[in-house]
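The values are calculated or read from the model by the stated rules, or taken from the named source; none is laboratory data. Only a predicted model underlies this, so the values are computations on that prediction, with no experimental measurement involved. Don't worry about glycine lacking a Cβ; one is built from the backbone with ideal geometry, like all the others, and counts go over all protein chains shown. Quick note on the areas: whole protein, heavy atoms, side chains included, nothing else; ligands and nucleic acids left out. Shrake-Rupley method; radii C 1.70, N 1.55, O 1.52, S 1.80 Å.
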Amino acid sequence: HKKMQDEAIYWLRGNGCFIADQEVTFAGAQIDVVGIKRNGVTYCIEVKATAEDLKKERQQYWVQTRSRSQFHFYYLWIPKELDHTGFFDGWGIIKNGLVIRKAKRCDVDVKIIDYIELMERIAESLCDRIYGFKGKPLPDY
């Protein structure tokens, strides 16, 4: 799963996202991979390594929230052997780094404060992972 998340970040960077990270908590959910382009276009990628993970009930949350979307594009990143039929309508499908189905662009009413919050969450996620702050109180200086 982690290797696939890393691959998804490389894919986002290669497709113009200047900010990207994994395991970002945003809008009440833990998102596998997120990215932001300089023009403000945002991406959400859910990584599924197994058929069981793909079928988890929590995925219904993502399907239901698309109507009040926080992201412009939603993608599902899966290994080539997984069958994605019937899952994630409107989402793009990426298998082994190749786009199998393009995502439909969502109508997003995002305000500047939403972008700031997303960037803060990404920065927090990066700091937690790089410096080991996750779950620990920040040091007093």
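Condition first: modelled with pLDDT under 80 and assigned to a loop (DSSP other than H, G, I, E, B). Can you find one or more residues in region 32-53 that meet it?
So in region 32-53, the residues modelled with pLDDT under 80 come out as none.
No - not one qualifying residue is present in region 32-53.
Filter region 75-102 for residues that are part of a loop (DSSP other than H, G, I, E, B), without any contact (Cβ under 8 Å) to a residue 40 or more places away in the chain and among the small types (Gly, Ala, Ser) and give the result.
Within region 75-102, 86, 90 qualify.
Checking residue 61 against (1) of a type outside the set (A, V, I, L, M, F, W, C); (2) outside any loop (DSSP other than H, G, I, E, B); (3) at pLDDT below 80; (4) open to solvent by less than 60 Å² (accessible area, probe 1.4 Å): exactly one of these is not met. Which one?
It is condition (4) that residue 61 fails.
Which one is most open to solvent (accessible area, probe 1.4 Å), of the residues in region 1-31 that are in a strand (DSSP E or B) and aliphatic (A, V, I, L, M)? Full working, then the answer.
Within region 1-31, the first condition is being in a strand (DSSP E or B), and the residues that meet it are 17-26, 29-31.
Narrowing the set further to residues that are aliphatic (A, V, I, L, M) leaves 19-20, 24, 29, 31.
Details: 19: 35, 20: 18, 24: 0, 29: 14, 31: 1 Å².
So, considering only residues that are in a strand (DSSP E or B) and aliphatic (A, V, I, L, M), the one most open to solvent (accessible area, probe 1.4 Å) is 19.
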